[in-house]
Structure formats: C-alpha cells, structure tokens
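See structure below.
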Amino acid sequence: MLFLLGCGELSNSKSHIMTINDPHSFARPEICSITHLDWKAKIHFGRKVISATATFTIETSDSASELILDTKDLKVHSVENGNNESLNFKMGEDIPHLGRPLTIEITGATKRVVIEYETSPEAEALQWLVPAQTADKTSPFLFTQSQAILARSWLPIQDSPGVRFTYRAEVSVPQGLLALMSAANPTTTNNTGIYQFEMKQPIPAYLMALAVGRLEFASLGPRSGVYAEPSMLQKSAHEFEDLEEMISSAETLYGPYQWDRYDLIVLPPSFPFGGMENPRLTFVTPTILAGDKSLTSLVAHELAHSWSGNLVTNATWDDFWLNEGFTVYFENRIMEAVYGREYSEMLALLALQDLKTEIEDLIKSGKEADTHLKLNLSGRNPDDGMTAIAYDKGYFFLRLLEERVGRARFDDFLKGYFAKNAFKVMTTETFIDQLKRDLIEASHLDIGDDLLHAWIYGPGLPDNCPLPVSGKFENVDLAITDWLKNASKSNLEKEFNSSSWSTHEWLRFIRQLPDTLGAQRMASLDSAFGFTVSGNSEIFAAWAVHVIANDYKPAYDHLEAFLINTGRRKFLMPLYTELIKTEEGKQMAKAIYQKARPNYHYVSSSSIDALLDIK
Ligand code: BES
Ligand code: ZN
C-alpha cells in the first residue's frame, strides 16, 4: 500500500509530499480511503461465524475508480453504494499472511460502500471458546485480536496503521451475554442481546476489537473500571485498584488522556498476549492477577499506548518500535511515578536482561537485521518484528536521550510530540526530524547523527546503553553466589533474607540460577519457596524453564496443567523451546500440545506449530 502524507502539516515550513509504503496492506488510500465505518453484526456461536454489513463512508480523489480493502478468509455476498445500486467487485489472489484484496469499482462521486459478508470459522483474529474454556464455565466466549494484520479476517478494511476511521456498531449476541468493543461501552447485559457502540476518535484497523461473554463490570474510579467474568470480578477490581492513579500520573507526564474512559477487560486464559491496547478497553490476560498487584506494570504499559500507538501511530510495522519502545519508556515512567524509582529500576534491569538474550538469539540465528530498531518486514509476517528489540532496545534508546538531555527537557519534548502528532501517523524518519529540530537543535545539544544512526539503523546494543541500578538485585545476586558456594545451608529463607522479596526480586533470583542445578538443589529451593505451586504466573513460568532443563519431575504435572491452561505466547514459547531440546522432551511437548492446542488462539498455535514443525 502506498499513501501520501502532506508533510506541510508536520513542518509548516515546507509543503512537500512524503510517500509511505506499507508492505502489509493492499489498500491505496491515496486514491480512496475510508473515513467512517457503520458495522452491523450478528454473532453466531454455533457456526463460529460473524455475519455483518459494513457501511463505509469514503473519501476519493476525483479520478478514483476503485476502493481496495484488505480481507482474509471473508465471504463477500454483495457490495452496493448505499442507494441499493450494486457495485462491481472482485477478490484478488490469496497472498500468504496478507490475504486477498477486495477491489470495488467506484467513481469520484461515490460516497458510500455497503458490504455484506461473513467471516470464516477459521478467522485468525477470532477465538471462539466453549464454556469449559472460560473461568466460570457457564457460557461461551468470543474475543478478537487484530494487531498486527488480523483485523482483515473479521472486517473488510484498509488494514494499515496509517489509515484512521471512526466507527459505530450494532452487535447482536445470544441473550445473557454482553458485547464490548474498543468504543463507548455498555456496563450491563440487556434483554434484547443487541448492543450499540460508538468510537468518535479516528483509529487504525488494528485497534478494532470485540469481546462477547458473560461479563460484569466493576467501577474503579470516575473514568475507569474493569469487566470480567463474575467469578473473577472481585479479584480483578482489587488487582487494578491503582488504575486511576496510573491514569493521572500518565496525564501529568505527557498530557491529557484523549479517549474519555479507560476500562479493562480480563479475558479467559487463552488470550495470546499479556495485554492489548484496544482504545477505551484494554484487553488483559488473567495471568497478571497475582493477588498482590505485582504484575500490573502491564496495565501501565497498555495505558501508555493511549498516547504512544493509539494517538501517535507507527506508519508501518517496520516502525513498530515507535509504538512499543515509547510505550515501555512511558510505562516505566508511570511505574516510577506511582511506585518509586527503586521499583521501576528493577523492571528496567529485567528488561535489559531480556534484551541481551534476544540480541544473542537473533544474531545466533542469522537475523542480525532484526536487531535494528527500524525493521524491514516486507514479504514477511509482521509478527516477526515482535521481539524485545522494539520494546527494550527502543526503551533504552529513549532513556539514553533522556539522560543526555536531562529529564525536564526530554519530558517537554515528549509532551509536545504527543500534542503535535495526535491522531497522526509517524515514521521513524519523521521522528528523527522532529527529535533533531525540536529537541537537539532547539536546545543546542551535543547529540550527533552517529548516535541516532547506531541505535536506529545499527545492530545489537551500542556501548553507551544506560545501565539501571538496583541495590535489591545486587543483594539477590549475592545471595545466589553465596548459596552456590555453601551447598549445605538448610534454612534458605533465613539465609537469603528473602522474606520481604518482591516478585521482581524473585524473578531476578530464578533467572540468575545456573542452567543446571541438579534435582536435589531444585528440590530444596522448591520446598523452601514453593515455586512449583506459586500462584504468580511470571514466577512459575521462569521456574518452569529450570524444571525442564533439570528434568525436575515433581513439577511436571503443574507444567502440563500450565501449558494446557494458558495461551499466552510469551510463556508458551520459552517452555516449548526448552522442552524440545531433548528427544524425550520433544515427545512430551508433542503430547502436551495435542491436548493444549484447542485452547490456543491462532496467534499462539501458529507460532508453536512452526516451533514443533507441525503442518
Ligand atoms: N500491542 C502489544 C501486543 C501486540 C504487539 C500484539 C504486536 C500483536 C502484535 C501490547 O501492547 C504488548 O506489548 N503486550 C505485551 C505486554 C507488555 C507489558 C510488554 C504482552 O502481551 O506481553
Ligand atoms: Zn505494547
């Protein structure tokens, strides 16, 4: 997809045209683009399909002769212009990852396009759950996951992050279920099963979202709340108690929240991500309900996307770091504001460790170019760009800028950046221009092109990467070293002085353990600290890697249950990867996966299919 961006808007001084090429969309918005969607849909749980009418308001150039939409596995019944006059259309060739272009004949005078269509039961964005796969086990559940390019499997749409539109929807669901979207939402179930939605702010297609299930709402503050299945509601409301404070801290940092309400929905455990920043309604995994709020930095992250990503949006998936790197930086600042620097520095150190491992892995597998912030995903699945590079290398780059220019100046710059570019698309190159003009040159700072280029277009981690400091982690590291030297000590709790350790210290501890501990040491740690029975998913997942590496059999039942129950790809991939390192483990992985696969969303099952070589 090509579209033109009037650069005059960005630089007042010069009005030249910049061309953006999105290799992951067939749409040609420079010829004709959608500006509004009216979506009327019916959800059929029995057949696992959505039947719908999508009415688009379009903007065309005078000479336009076609509107091109992205589709994947959609059955298009008819297309007309809103006056019952049918429009010719054709479906193009099916291209791997991208699906098929739907080309509709229009003229420069066409204002509307009405498409009647149905989704496929295999639609990749959709996961249809039977009651047994939910928390309460009483009702079916449906949720979508559109990012990066899966919106086209449930809507014919210009599925490029550079195309924004507003929407209204009317969704009809079985009685007793509640429907929610990335829009203004109802809070209670009604008798008709028909729900209305409105999203007034223009959003890109990857932020289109829908969830349907037996859901209830609990208010958390004047403009925030949480939806969950009834049995999960109280626990969820408790876990996210600090949400209002996060929102106001975020606003203090980078300007007003622009989406009116901010609600969360806790999904069933098969949700393939930790969180997804669907506007007004962040989707989250139940695996962050640790009971002690210790995993809620994820909520700060999704909230931060209300600025970085949802307001200022990466132009293409090659610029993904603009969404995620900024968001990790912003997340860290929110956590610092709410819980203090000591806390946020632990998060930063864990991120640095992830980043170093990711860089090593990518370089080992010959993918050095994927360690650049600016990616080239043309001809590939944009999912390939979803690594710690965009997130954590992006974070450390922004942190380096902050440290070089001073926090006050950097915050001013970011506040201005979000204000100036709100509801617009951003390329890496435009960001660099603005950074140079509005921060570096404006303040006569000594930050050369070399530094910017090394971080953005160069491989690996530059030497000037900031190093977070945590006294708490230093103590953890000392405790491990000491313990490894003195195997005989028995009262580990006392020995480590760990009674007050937070989840993050425990994560540091588990991650720093040597690869091979042996069954006996595994057992003594486990009996002292109960890692195998930990209700904290991050702790269990980190421990489980050692469980596999050490063939620590007492934890295998828990491991199997965790893999069957949880669909979060971030947990699944390292565990299956560790399992398939041995022949025995491979058999075990396949046996478990056979039982688990029906519980996974396409996003997770497609990754694990590839890992286990299953076609
Ligand atoms: N927007 C992402 C999730 C995503 C990225 C989905 C790319 C599909 C393609 C979301 O904000 C995210 O980053 N989630 C993370 C949590 C975060 C705390 C790092 C996750 O799900 O693990
Ligand atoms: Zn994110």
(message) Take the residues in the stretch 267-308 that are more than 22 Å from Met573 (Cβ to Cβ) and more than 13 Å from ligand 1 (Cβ to nearest atom); name whichever of them is surrounded by the fewest Cβ atoms within 10 Å (Cβ to Cβ).
(response) Gly291
(message) For the stretch 115-196, give me every one of the strands (runs of 3 or more DSSP E) that falls completely inside it and has 3 or more residues that are surrounded by fewer than 20 Cβ atoms within 10 Å (Cβ to Cβ), basic (Lys, Arg) and in contact with a Phe, Trp or Tyr (Cβ under 7 Å, 6 or more places away or on another chain).
(response) none
(request) State which residue pairs qualify: first residue free of Cβ contacts under 8 Å to residues at least 40 places away in the same chain and not assigned by TED's automatic domain parsing to the domain that holds Tyr417 and inside the stretch 302-315, second residue more than 10 Å from ligand 2 (Cβ to nearest atom) and basic (Lys, Arg) in any location, beta carbons under 6 Å apart, and separation of 6 or more residues or different chains. (result) none
(request) Would you check if there is a residue in the stretch 356-378 being within 14 Å of ligand 1 (Cβ to nearest atom) and closer than 19 Å to His24 by Cβ? (result) yes
(message) Going residue by residue through the stretch 478-487, is there one that turns out to be in contact with a helix residue (DSSP H, G or I) (Cβ under 9 Å, 6 or more places away or on another chain) and closer than 30 Å to Ile389 by Cβ?
(response) yes
(message) Exactly one of these conditions fails for Phe397: (1) buried (at least 16 other Cβ atoms within 10 Å of the Cβ); (2) within 18 Å of the chain's Cα centre (by Cα). Give me its number.
(response) (2)
(request) Filter the stretch 315-345 for residues that are among the polar types (S, T, N, Q) and either over 22 Å from Ser502 (Cα atoms) or within 10 Å of ligand 2 (Cβ to nearest atom) (or both) and give the result. (result) Thr316, Asn323, Thr327
(message) Kindly evaluate Ala555 against the criterion of being surrounded by fewer than 21 Cβ atoms within 10 Å (Cβ to Cβ), farther than 21 Å from Ala388 by Cα and small (Gly, Ala, Ser).
(response) no
(request) Would you check if Leu461 is in contact (Cβ under 8 Å) with a residue 60 or more places away in the chain and away from ligand 1 (no atom under 16 Å from the Cβ)? (result) yes
(message) Take the conditions of a type in the set (D, E, K, R), in a helix (DSSP H, G or I) and in contact with a Leu (Cβ under 9 Å, 6 or more places away or on another chain) and apply them to Asp370. Does it pass?
(response) yes
(message) For a quick check of your reading: which helices (runs of 4 or more DSSP H) sit entirely within the stretch 222-314 and have at least 1 residues that are away from ligand 2 (no atom under 16 Å from the Cβ)?
(response) 230-239, 243-254
(request) Hey, can you tell me all the residues within the stretch 567-592 that are closer than 15 Å to Tyr556 by Cβ, buried (at least 21 other Cβ atoms within 10 Å of the Cβ) and not hydrophobic (A, V, I, L, M, F, W, C)? (result) Tyr576
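Any residue in the stretch 373-392 that is within 16 Å of ligand 2 (Cβ to nearest atom), of a type in the set (A, V, I, L, M) and over 30 Å from Pro256 (Cα atoms)?
Scanning the stretch 373-392, I find at least one residue that is within 16 Å of ligand 2 (Cβ to nearest atom), of a type in the set (A, V, I, L, M) and over 30 Å from Pro256 (Cα atoms), so the answer is yes.
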(request) For Glu105, state whether it is within 21 Å of Ala151 (Cα to Cα) and either at pLDDT 95 or above or among the small types (Gly, Ala, Ser) (or both). (result) no
(message) Quick check on the stretch 90-114: of everything there that is without any contact (Cβ under 8 Å) to a residue 24 or more places away in the chain and assigned to a strand (DSSP E or B), which residue is surrounded by the most Cβ atoms within 10 Å (Cβ to Cβ)?
(response) Met91
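The values are calculated or read from the model by the stated rules, or taken from the named source; none is laboratory data. Not measured: the values here are computed from a predicted model. Positions of Cβ are backbone-derived with ideal geometry, glycine not excepted, and every protein chain shown enters the neighbour counts.
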